[in-house]
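Colleague: First the structure, which I've put down as structure tokens, then a few questions once you've had a look.
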Amino acid sequence: MASMSQHSVEQVPVRTFGGPTALFEYGGLRFLTDPTFDGPGDYASPGPTLVKTAPSTATPADLGRIDVVLLSHDEHADNLDHSGRALLADVPLTLTTPDGGRRLGEKAKGLADWESVELDRPGGGTVTVTGVPAVHGPGTREEVERIAGQVVGFVLTGEGLPTVYVSGDNASLDAVREIAERFAPVDTAVLFAGAPRFPMIFDGELIVLDSAQAAEATRILGARRVVPVHHDSWAHFTEGRDELEAAFAAAGLADRLDGDWRRRA
């Protein structure tokens, strides 16, 4: 296991904008997760229609420079919508799934499990981004990928930097345990939650962590700080802020929830 960073978690300020979209600076580089900035409405998909219920709290023009997009997968509008796709054209690098990397073109790179890429930091040195397992539903990864497609999570590390984990759309605590074996303890975990379900897919079972599982993932990872995303703005999310706060309190982990996230209405 990696040693606990002695650096303050405040080194990695994280801004959330609704849905799965968050912006953070790490090692002098600016990272954006799963960009979704379209307005409320219905979004067709290969499966059920996805319904967005609230707008993002920002627009792409509000973000400033983005160096890297960390895209858990490109196939679902609640992770990459029309404005998000347009934004990718202006970003030097998008890291995503192997299949997504092939679909999105030359500025995208797919990462298989445990595959890493080194990115140059503005002041010298590098940031390492490692692709880590994520399973977008119940069952084996192979079974889930046949229905829901590939998904990838990310771990960011660097000399003198804290460890950051971005889960992507993951429903598997076994995958979290694999990640913890290599990278725990984690300084900051950006956990996708929201307990999304569709009655006609996987018999209504969870396709991303629910609130209690997000708290358990925090314990497994030894995460010092958690920024929950992917729990609002879409109709298929069945648990939100209140359920997350209650689950972390019940697990004795309320102090791990990011202070800025807790203050946001």
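The values are calculated or read from the model by the stated rules, or taken from the named source; none is laboratory data. Remember, predicted model here, so these are calculated numbers, not experimental data. Neighbour counts are summed over all protein chains in view; Cβ atoms, including those assigned to glycine, are modelled from backbone coordinates with ideal geometry.
Colleague: Just to be sure I understand, how many residues within the range 232-265 are among the acidic types (D, E) and in contact with a strand residue (DSSP E or B) (Cβ under 8 Å, 6 or more places away or on another chain)?
Modeller: Going through the range 232-265 one residue at a time, the tally reaches 3.
For (1) in a strand (DSSP E or B); (2) farther than 16 Å from F154 by Cβ; (3) within 19 Å of the chain's Cα centre (by Cα), each residue gets a yes or a no:
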position: F37; (1), (2), (3): no, yes, yes
position: T57; (1), (2), (3): no, yes, yes
position: S72; (1), (2), (3): no, no, yes
position: T94; (1), (2), (3): yes, no, yes
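Colleague: Hey, could you check the range 37-70 for residues that are in contact with a Leu (Cβ under 9 Å, 6 or more places away or on another chain) and touching a residue at least 60 places away in the same chain (Cβ under 8 Å) and say which is surrounded by the fewest Cβ atoms within 10 Å (Cβ to Cβ)?
Modeller: V68
Colleague: Every residue in the range 59-82 that is closer than 21 Å to G47 by Cα and not aliphatic (A, V, I, L, M), please.
Modeller: Correct list: S72, H73, D74, E75, H76, D78, N79, D81, H82.
Colleague: Please count how many residues of the range 249-265 are in a helix (DSSP H, G or I), in contact (Cβ under 8 Å) with a residue 60 or more places away in the chain and of a type outside the set (A, V, I, L, M, F, W, C).
Modeller: Matching residues across the range 249-265 total 1.
Colleague: Now for a different question. Can you tell me how many residues within the range 1-34 are modelled with pLDDT of 50 or more, of a type in the set (G, A, S) and crowded, with 18+ Cβ neighbours inside 10 Å? Don't jump to the end; show me each part of the working.
Modeller: Filtering the range 1-34 for residues modelled with pLDDT of 50 or more gives 11-34.
Imposing the further condition that a residue be of a type in the set (G, A, S) reduces the set to 18-19, 22, 27-28.
With the extra rule that they be crowded, with 18+ Cβ neighbours inside 10 Å, the set shrinks to 18-19, 22, 27.
Total meeting the criteria: 4.
Colleague: Here's something else I'd like to know. Name, by its number, the condition in (1) over 29 Å from T157 (Cβ atoms); (2) modelled with pLDDT of 95 or more that does not hold for Y43.
Modeller: (2)
Here's the yes/no breakdown for (1) touching a helix residue (DSSP H, G or I) at 6+ places or on another chain (Cβ under 6 Å); (2) at positive phi:
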| residue | (1), (2) |
| --- | --- |
| Y165 | no, no |
| R197 | yes, no |
| H230 | no, yes |
| D255 | no, no |
| W261 | no, no |
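Colleague: Here's another thing I want to ask about it. With the requirement that a residue be at pLDDT below 95 and not acidic (D, E), what does the range 65-82 give you?
Modeller: S72, H73, H76, A77, N79, L80, H82
Colleague: Quick check on V117: is it closer than 27 Å to P162 by Cα, assigned to a loop (DSSP other than H, G, I, E, B) and not hydroxyl-bearing (S, T, Y)?
Modeller: Criteria not met by V117.
Colleague: Within the range 113-141, can you find the residues that are over 18 Å from G27 (Cα atoms) and surrounded by fewer than 14 Cβ atoms within 10 Å (Cβ to Cβ)?
Modeller: W114, T140 - these are the residues of the range 113-141 that are over 18 Å from G27 (Cα atoms) and surrounded by fewer than 14 Cβ atoms within 10 Å (Cβ to Cβ).
Colleague: Going through A112, A189, A180 one at a time, which residue ends up being under 30 Å from D38 (Cβ atoms), outside any loop (DSSP other than H, G, I, E, B), modelled with pLDDT of 95 or more and of a type in the set (A, V, I, L, M)?
Modeller: A189
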